[in-house]
Structure formats: C-alpha cells, structure tokens
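One structure is given below, encoded as structure tokens.
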C-alpha cells in the first residue's frame, strides 16, 4: 500500500527528498575551477520533515553486508525493519540481539507471505538473487537488490525483464550506491559540465588485504560461506566489489564498454582457489576512452578511489570526497582568488567546500568528516524509501542500469579468469 505521508530522517541526519537530490546534483554547475586541487562537497540537505507511517521492510540475508543494511535501516525514521531472514541459525541469533523488534525466519517465503511487509531488501549471495527477486514480485513486494544483480548474464536478464514487467506498480532498485550519493551526483554534474575538458582516460582501484576465505565446523556451511571463491558462482573482485566503480564510470561517461581485456592471478592466498586474488582489467569505450581497473586481496595500500583524467583537469573521488587537480594551461575562471587554500600532499590547491565558513568556524579541514554527512548506503536506502512513499518512480539505479553494470562486470571477470579479451557486443546489453 502506498504511503500518504512524506518521509523524514531523524533530527541528527539529513532528509533526502527528490527535490534535495536535484539540488545536490546541480550544485557543481554553480562552482568554478582553478589551478591546484579542489575538494567538492555536497550541498546541505533539506530540513527534516515529519513521518507517520514508516515503510515495513523485510531483510533477506543477514551476513556482513546484511547487518550493515540493518544498522542503517534502524537509524531511519522512514523504515521499520519488520523481519530478518537467514538460513543460518547463528545469523538469526545475531539478529535477535541487534534487531530484537524484527521477526526472524529461515525461509524467505515467510517474509514474502507477510501482507504487512511492503518491501524487501535482498542481501544474499549473488547467485541466490534471481529466484528471490522473482518470488518477491509475485508477492507484490517492492525490491532493493544488492549489486551485482546476478552471477550469470541469463539470470540478470531474467531479473531485468521481470522488473520491467512490473515497473508501473513496483519499485526495483539495484544497490549501486554511487547513483544515490549526493557527492557523486555533484561530481557527475561537474564533469558533465565540461570542467575537466576532454575526457582522456579513467582509472579505478580497490585494495584490501583479506582472504575472502571463511571457516566453519560444518563442511556444507563452509562451502556456502565461500561462494565468492567458487568459480561456478563468483563474479570475482571486479564483480562483487568493482561493479560499483564500473557503474560510476559508465554513468559519468554516458557510455557502455565495447570490449574488455583482463588479467588475473593468485598472488598471496595460495590455498587452492581458482578465483584470482589480484586482477587488472582494461575496458574500451566507443568514445575511445579507456578505463583501467585493478583490485587485490593481497595488499591494502592506497585503498579505493576513482580517477577521471581530462585535458584541463583531473578529478579524484575518494572517501565520499572529491578533489580537482587543474592543468597549468587550463583557463582561469576568475573566482579562484577568493577561494580557500589547502595543502594536498606537495601541492597547495583551492578547496571547493559547501559551507566553508561554517567548517572553518568548527576548525574542520576539508579532509575531516562533514557533520551530518551519511554513508552511500544510507542515501541509497533513502531513495528506495522515498520512492516507496511517492512512487513508483524509476530509481537512479533501475533495472536497465543494474543489468548493464552486471553484464559488464561478469564479462570483465571472465576476461580476468581467462586472461583474454572479450568483445561486448551491443546485443549483450539488450534485455529483449
């Protein structure tokens, strides 16, 4: 049942309405560029609004990311986490401690059978998404499905077709977090306005020292826990993690890759696995821009970030912040003399910060967390809840967007597994 009341966040967190999204996405067009480095911060959110009837949510999957989702939802007045489902009783005991108000089930169909639950969030292993999504649509539930949508192109296409068939009455949002994040929306507008000049290449990376190997005294459970290391089920680093970064590049370039060349190796965790712990991929776009992606489980150095290289300037997105590095021959826009100056490594640059005066009065540097800023997951959940209240609207990460990112990630993973080139024909992106 559609909610009649507008949504609000708690007094300590920003409200996120569709109007606020539009304001935030247009922020970058109001600011200029200059030599040096800029930090781009999102615009302040709208004042909180009141809510009377929160959306009743069922969470399917209570693993590490499912618990993060639960913690986020319980902080949002817009949501009531009404049920948690997991096939493993240990996870349900954890749910009993952390979200005692939620009903607990081992079979997701029990969640779907509850007429009071309006929407479900699917946070299971990737290969289990398809049937749960299809059954949720059959039960008349709105669906938030984690990315990637599926572990095979056929499953992803089936999900997309089903979502298209119900889009006039049900919301289907894919968990591609950057599409809902005000910071990324702001930078998107900034880049699309031509601030970096001619796009010449992009580069993204994800580095974390972790094995992905999980242990359990139960052999069957251990096999289920290690689905990311199963070559029949896993989409690898570039699929399970890099899909978010791939989608960001597709979004900003407004293009889909037409080919990918990959390399994959087991460099550290030599425990018999076939799925590489270190990968590199080069994706080619029709406009001749290349994306270089590298990911590893063998080293945490230099973490995660995305780079957009242009003829006039380069933008780096990192930790919900962004910096612009301007070329010395780029045109001056005139306002730079009034901007705040900040040190960035060996460079002194100009900081582009919303509410810079307020931050100065709080003795906050541009690299400090912004008071009131939320996580990308929070903003994605907020968009999903807002669409539940006022929609259904097509979410920023709709079925088409999710399908295209999933297909590219799957094919990029195949390329890294085979250390080969794969052509991504236009028909591959067709849902049919």
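Tabulated results
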read-out	value
Residues that are touching a residue at least 60 places away in the same chain (Cβ under 8 Å) and either farther than 14 Å from residue 398 by Cβ or assigned by TED's automatic domain parsing to the domain that holds residue 235 (or both), drawn from region 153-175	153, 157, 169
From 353, 337, residue being modelled with pLDDT under 90 and surrounded by 12 or more Cβ atoms within 10 Å (Cβ to Cβ)	353
Selection within region 242-259 - outside any helix (DSSP H, G or I) and closer than 16 Å to residue 205 by Cα	242
Qualifying residues in region 222-239 (those that are part of a helix (DSSP H, G or I) and touching a helix residue (DSSP H, G or I) at 6+ places or on another chain (Cβ under 9 Å)) - the one surrounded by the fewest Cβ atoms within 10 Å (Cβ to Cβ)	227
Residue among 33, 111 that is at pLDDT 95 or above, farther than 18 Å from residue 383 by Cβ and outside any strand (DSSP E or B)	111
Residue under evaluation residue 88, criteria (1) surrounded by fewer than 21 Cβ atoms within 10 Å (Cβ to Cβ); (2) in contact with a strand residue (DSSP E or B) (Cβ under 7 Å, 6 or more places away or on another chain), criterion not met	(2)
Only listed residue being in contact (Cβ under 8 Å) with a residue 24 or more places away in the chain and either in a loop (DSSP other than H, G, I, E, B) or surrounded by fewer than 17 Cβ atoms within 10 Å (Cβ to Cβ) (or both), chosen from 83, 136, 150	150
Positions within region 268-287 being touching a strand residue (DSSP E or B) at 6+ places or on another chain (Cβ under 9 Å) and over 13 Å from residue 205 (Cα atoms), in sequence order	268, 275, 276, 277, 283, 284, 285, 287
Test result for residue 324, in contact with a strand residue (DSSP E or B) (Cβ under 6 Å, 6 or more places away or on another chain) and at pLDDT 95 or above	no
Residues being more than 17 Å from residue 239 (Cα to Cα) and at pLDDT 95 or above - total across region 386-399	1
Index of the failed condition, residue 197 passing every other in (1) under 22 Å from residue 395 (Cβ atoms); (2) assigned by TED's automatic domain parsing to the domain that holds residue 245	(1)
Those residues of region 188-213 which are at pLDDT 95 or above and part of a loop (DSSP other than H, G, I, E, B), in sequence order	208, 209, 210, 211, 212, 213
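The values are calculated or read from the model by the stated rules, or taken from the named source; none is laboratory data. On a predicted model such as this, the values are computed, not experimentally measured, just so you know. Cβ coordinates were reconstructed from backbone atoms using ideal geometry, including for glycine residues, and neighbour counts include every protein chain displayed.
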